[in-house]
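Colleague: I have a structure I would like to understand better, so I am pasting it below and will then ask my questions one at a time.
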Amino acid sequence: MTTTTLPRPDTAAGDRPEPVLSVRDLRTAFKTSHGIVRAVSGVSLDVYPGECLGVVGESGSGKSVTFASVMGLVKKPGWVEDGEILYRGRDLTRLSDRELRALRGKDIAMTMQDALTALNPALTVGEQILEVLRAHADDLPRGRAGRAEARRRAVEMLDLVGIPSPADRLNEYPHQFSGGMRQRIMIAIALACRPRLLIADEPTTALDVTIQAQVLELIADIRARLGMSVVLITHDLGVVAEHCDRVVVMYAGQVVETGPTRAVISDPKHPYTQGLLDSIPRLSDLSHPIRPIQGQVPELIDLPPECRFIGRCPKRTPDCRTGIDMRPAGPGRAARCILVGEETEA
Amino acid sequence: MTLGKFIERLAQLVPVLLGVSLIVFLMMSLTPGDPVEIMLGDQHVTPEQEQALRHDLGLDRPPHERFLVFIGNALQGDFGTSFYHRRPVGEVIAERLPATIELTLVAMILALVTAIPLGVLAAVKKSTIFDKASTVGSLLGVSMPHFWFGILLLMLFAVHLHWLPVAGRIDYEYQVEPITHLLLVDSLLRGNIAAFGNALSHIILPALTLGLAMGAILMRVTRTSMLEVMRADYVRFAEAKGLARHRILFRHALKNALIPTVTVAALETGTLLGGNMIVETIFGWPGLGRLVVESIFQRNYPLVQAAVLFYAVTYVMLNFLADILYTILNPRVKL
Ligand SMILES: Nc1ncnc2c1ncn2[C@@H]1O[C@H](COP(=O)(O)OP(=O)(O)O)[C@@H](O)[C@H]1O
Ligand SMILES: [Mg+2]
């Protein structure tokens, strides 16, 4: 097994608290008619208290499946084959359904990739936010007082995410709100129970640019206020550069590079990270050519042990045919590329 | 918009009703058999007397004239006189209608209360033995002819086991003063539990027979839409919120999955009208369906014409109702 123990990112950065979430060698697979798709193969990552971790990679690189596994939401024909998911020291893969349900939405919350379809069209917005409060808020008094208190919290939450006159709009259905407003409502629902960890799966993909910026600001603002950790899943390194403390770059079901955002972006160690950087437009230099990475993510069925980026890599060597583990690449950094070691030697 | 749509529907009815009238008229005229001969039966009458009767019934005129007269009268709300009953057709139909409505409602309720839970269960237990068995069962239910299933039930529960009565709506010794003309409702309203039980025992077999196909269809619809809805993003999000399983299933999934079920149920009720004729005949149910069948054998032209028009109007209205229900259940579609 090619298990890698990641170097603790904090070794150089001084004392860091225990991670809120620690994923170790996670493997998640799906049974399909073509064979077994290894959507996540050996992912390890940490999320520290109060930080924003960016998880970036092209579509199909396994970002959503990784965090669906964390939430215990992988459904047949998929399953978590192996690995540990430690939330504040408890291994979530060993919890019962009931214990997981108690955590979901309360300790760890998630927003879905598409806000337009994540809200139930047949239920009012008020019901959809109140139900999560009722499911988790053990401190709510029983009966009438409890209902009033839940309602007060729902209105407060909708107000926090910037819905105008929220109390009047509790009885409205999702279709009566704009796309950006629905995104905010979904965030309000996710944050209703004040989770320690918010997983935001591509929170901006479905939105236009100005609203994108607003939603990201909103998440950053609430993170600061509530002191929670955020995992920001995106395929846009630009978003990561602006909002995340650290970044995990994923490719074809694996982590290929990780480190502090600024360091990774100014000096990417993996050719895939470099490729992602080259493919985003630069506002500072509009003449800079945008070069999308050529080729496609390989099919995740029966992959050979070689480097998964080999088919698209401009720097490939014959040595890339052997499997490559994550290698330390500077303070708090690691990358899955044989060039990493050679570079430092050279 | 609702009112406009309603008027539009009513306007659509006109060509439908004209067409249906013409087809029924042609079919009745073309089928062999003379109403006068049937009415007279073995009685010996003179040709003059026979001619007088024919004139009386308006049957001495040429067919196209009879059709125009019928349409003209119908437009004024006069559907003619039943040859057999010698009373206005509307009156005769109105008498028989409550029995049919009652049977249809009970069949529908039986279909819904069995189909929805079974459909949900089949979806939740997808690909298990239960799911496969229910698939086979519903296929049988859809394809089994009414008359065959009805006779089967009749033979078993009425003839062999004597658990349930063979025919009719209620036994003669029970008297229920009508309020709604639905026996089950009236007997309850009057507090006559014995009559209620008797009426219930009469309606079970015909309602089962009538509701079988509808239940089978509704089960499939519920299963399919549940499966679709359970894959929806909002169900995944509901799971991510840590809601209880029953809440996700019944509040988030079923509420959406029922939209097609209820719509199809309204449409299928129109189909039940056709089934009524067969089922009412098998079980001697004194409703409109059996009246129509009898009237066809009697060549009772005015009654058949009026009853078929009534069916057509009901069918179109049920379609309209399906639209309205769809709108009510689905907040995305604005009224
Ligand atoms: N339900 C599923 N059935 C089969 N394969 C799946 C399923 N869900 C995800 N996958 C596979 O997992 C891979 C990673 O998907 P995903 O995590 O959604 O990518 P990302 O979120 O990075 O765009 C996809 O390429 C897909 O082949
Ligand atoms: Mg995704």
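The values are calculated or read from the model by the stated rules, or taken from the named source; none is laboratory data. What you are looking at is a predicted structure, and each value in this text was computed from that prediction instead of being measured. Every residue, glycine as well, gets a Cβ built from its backbone with ideal geometry; the counts of neighbours run over all protein chains shown.
Colleague: Scan segment A:68-82 and tell me whether some residue there is within 16 Å of ligand 2 (Cβ to nearest atom) and either under 13 Å from A:Ala192 (Cβ atoms) or among the basic types (Lys, Arg) (or both).
Modeller: Yes, segment A:68-82 contains a residue that is within 16 Å of ligand 2 (Cβ to nearest atom) and either under 13 Å from A:Ala192 (Cβ atoms) or among the basic types (Lys, Arg) (or both).
Colleague: Which ones in segment A:69-91 are closer than 12 Å to A:Arg27 by Cα and among the hydrophobic types (A, V, I, L, M, F, W, C)?
Modeller: If the condition is that a residue be closer than 12 Å to A:Arg27 by Cα and among the hydrophobic types (A, V, I, L, M, F, W, C), then A:Val70, A:Val74, A:Trp79, A:Val80, A:Ile85 are the ones that fit.
Colleague: Continuing with this model, one more query. Being within 16 Å of ligand 1 (Cβ to nearest atom), buried (at least 21 other Cβ atoms within 10 Å of the Cβ) and in a loop (DSSP other than H, G, I, E, B) is true for just one of A:Pro195, A:Pro203. Which residue is that?
Modeller: On the way: A:Pro195 fails: within 16 Å of ligand 1 (Cβ to nearest atom).
Among A:Pro195, A:Pro203, only A:Pro203 is within 16 Å of ligand 1 (Cβ to nearest atom), buried (at least 21 other Cβ atoms within 10 Å of the Cβ) and in a loop (DSSP other than H, G, I, E, B).
Colleague: Please verify whether segment A:134-145 includes one or more residues that are of a type in the set (A, V, I, L, M, F, W, C), facing chain B (nearest Cβ under 10 Å) and closer than 27 Å to A:Gly179 by Cβ.
Modeller: Let us first name the residues in segment A:134-145 that are of a type in the set (A, V, I, L, M, F, W, C), namely A:135, A:137, A:140, A:145.
Checking which are facing chain B (nearest Cβ under 10 Å) leaves us with A:135.
Those still in the list that are closer than 27 Å to A:Gly179 by Cβ too: A:135.
Yes, there is a match, as at least one residue in segment A:134-145 is of a type in the set (A, V, I, L, M, F, W, C), facing chain B (nearest Cβ under 10 Å) and closer than 27 Å to A:Gly179 by Cβ.
Colleague: Given the conditions (1) within 19 Å of the chain's Cα centre (by Cα); (2) within 11 Å of another protein chain (Cβ to nearest Cβ); (3) within 16 Å of ligand 1 (Cβ to nearest atom), report the number of the one that A:Pro77 does not fulfil.
Modeller: Going through the list (1) within 19 Å of the chain's Cα centre (by Cα); (2) within 11 Å of another protein chain (Cβ to nearest Cβ); (3) within 16 Å of ligand 1 (Cβ to nearest atom), A:Pro77 breaks only (1).
Colleague: Going by the structure shown, is B:Gly150 touching a Ser or Thr at 6+ places or on another chain (Cβ under 8 Å) and in a helix (DSSP H, G or I)?
Modeller: Yes, satisfied.
Colleague: Considering only segment A:101-118, how many residues are more than 16 Å from ligand 1 (Cβ to nearest atom), part of a helix (DSSP H, G or I) and in contact with a Phe, Trp or Tyr (Cβ under 9 Å, 6 or more places away or on another chain)?
Modeller: Number of matching residues: 1.
Colleague: Is there any pair with a first residue in segment A:105-118 that is touching a residue at least 24 places away in the same chain (Cβ under 8 Å) and within 7 Å of chain B (Cβ to nearest Cβ) and a second that is within 16 Å of ligand 1 (Cβ to nearest atom) and assigned to a loop (DSSP other than H, G, I, E, B) whose Cβ atoms are under 6 Å apart and which are 6 or more apart or on different chains, and what are they?
Modeller: Short answer, once both residue conditions are applied: A:Asp114/A:Ala206; A:Ala118/A:Met112.
Colleague: Here's something else I'd like to know. Looking at this structure, is A:Ser229 more than 14 Å from chain B (Cβ to nearest Cβ), more than 16 Å from ligand 2 (Cβ to nearest atom) and surrounded by fewer than 17 Cβ atoms within 10 Å (Cβ to Cβ)?
Modeller: For A:Ser229, the condition - more than 14 Å from chain B (Cβ to nearest Cβ), more than 16 Å from ligand 2 (Cβ to nearest atom) and surrounded by fewer than 17 Cβ atoms within 10 Å (Cβ to Cβ) - is not met.
Colleague: Restricting attention to segment A:152-164, does a residue exist that is at pLDDT 90 or above, surrounded by fewer than 16 Cβ atoms within 10 Å (Cβ to Cβ) and either part of a loop (DSSP other than H, G, I, E, B) or within 16 Å of ligand 1 (Cβ to nearest atom) (or both)?
Modeller: Yes, segment A:152-164 contains a residue that is at pLDDT 90 or above, surrounded by fewer than 16 Cβ atoms within 10 Å (Cβ to Cβ) and either part of a loop (DSSP other than H, G, I, E, B) or within 16 Å of ligand 1 (Cβ to nearest atom) (or both).
Colleague: Going by the structure shown, is B:His64 assigned to a loop (DSSP other than H, G, I, E, B) and not small (Gly, Ala, Ser)?
Modeller: Considered against the rule, which asks whether it is assigned to a loop (DSSP other than H, G, I, E, B) and not small (Gly, Ala, Ser), B:His64 comes out as no.
Colleague: Does B:Val235 meet the test of being within 14 Å of another protein chain (Cβ to nearest Cβ), surrounded by fewer than 21 Cβ atoms within 10 Å (Cβ to Cβ) and in a helix (DSSP H, G or I)?
Modeller: yes
Colleague: Kindly indicate which of A:Ile222, A:Ile187 is under 24 Å from A:Ala122 (Cα atoms) and either within 16 Å of ligand 2 (Cβ to nearest atom) or in contact (Cβ under 8 Å) with a residue 24 or more places away in the chain (or both).
Modeller: A:Ile187
Colleague: Okay, moving on. Please give the helices (runs of 4 or more DSSP H) falling wholly within segment B:240-335 in which 2 or more residues are free of Cβ contacts under 8 Å to residues at least 60 places away in the same chain and over 22 Å from B:Ile38 (Cβ atoms).
Modeller: Working: elements: B:254-282, B:288-297, B:301-329.
Where helices (runs of 4 or more DSSP H) fall fully within segment B:240-335 and carry at least 2 residues being free of Cβ contacts under 8 Å to residues at least 60 places away in the same chain and over 22 Å from B:Ile38 (Cβ atoms), they are B:254-282, B:301-329.
Colleague: A further question on this structure: Taking the stated definitions as given, is A:Gly146 more than 22 Å from the chain's Cα centre (by Cα), surrounded by 17 or more Cβ atoms within 10 Å (Cβ to Cβ) and either of a type outside the set (Val, Ile, Thr) or assigned by TED's automatic domain parsing to the domain that holds A:Pro164 (or both)?
Modeller: no
Colleague: Kindly indicate whether A:Pro121 is within 9 Å of chain B (Cβ to nearest Cβ) and either among the β-branched types (Val, Ile, Thr) or not in a strand (DSSP E or B) (or both). So that I can check it myself, show each step before the final result.
Modeller: On the way: within 9 Å of chain B (Cβ to nearest Cβ): yes; either among the β-branched types (Val, Ile, Thr) or not in a strand (DSSP E or B) (or both): yes.
Criteria met by A:Pro121.
Colleague: What about A:Gln214, is it part of a helix (DSSP H, G or I), more than 12 Å from A:Ile129 (Cβ to Cβ), within 20 Å of the chain's Cα centre (by Cα) and within 16 Å of ligand 2 (Cβ to nearest atom)? Show your work before the answer.
Modeller: Values: part of a helix (DSSP H, G or I): yes; more than 12 Å from A:Ile129 (Cβ to Cβ): yes; within 20 Å of the chain's Cα centre (by Cα): yes; within 16 Å of ligand 2 (Cβ to nearest atom): no.
No.
Colleague: Quick one: in segment A:38-59, of everything that is crowded, with 19+ Cβ neighbours inside 10 Å and within 12 Å of ligand 1 (Cβ to nearest atom), which residue is nearest to A:Asp221 (Cα to Cα)?
Modeller: A:Val55
Colleague: Report the residue count in segment B:281-313 for those that are more than 30 Å from B:Asp171 (Cα to Cα) and among the hydroxyl-bearing types (Ser, Thr, Tyr).
Modeller: 1
Colleague: Among the strands (runs of 3 or more DSSP E) confined wholly to segment A:32-100, which include 1 or more residues that are of a type in the set (D, E, K, R) and closer than 22 Å to A:Arg327 by Cα?
Modeller: A:35-47, A:78-87
Colleague: Now for a separate question. Evaluate segment A:271-287: report whether one residue or more is aliphatic (A, V, I, L, M), outside any loop (DSSP other than H, G, I, E, B) and in contact (Cβ under 8 Å) with a residue 24 or more places away in the chain. First the steps, then the outcome.
Modeller: Initially, segment A:271-287 is screened for residues aliphatic (A, V, I, L, M), giving A:276-277, A:280, A:283, A:286.
Remaining after also requiring outside any loop (DSSP other than H, G, I, E, B): A:276-277.
Those left that are additionally in contact (Cβ under 8 Å) with a residue 24 or more places away in the chain: A:276-277.
Checked segment A:271-287: at least one residue is aliphatic (A, V, I, L, M), outside any loop (DSSP other than H, G, I, E, B) and in contact (Cβ under 8 Å) with a residue 24 or more places away in the chain.
Colleague: Of everything in segment A:206-220 that's more than 16 Å from ligand 1 (Cβ to nearest atom), more than 29 Å from A:Leu140 (Cα to Cα) and among the aliphatic types (A, V, I, L, M), which residue is surrounded by the most Cβ atoms within 10 Å (Cβ to Cβ)?
Modeller: A:Val215
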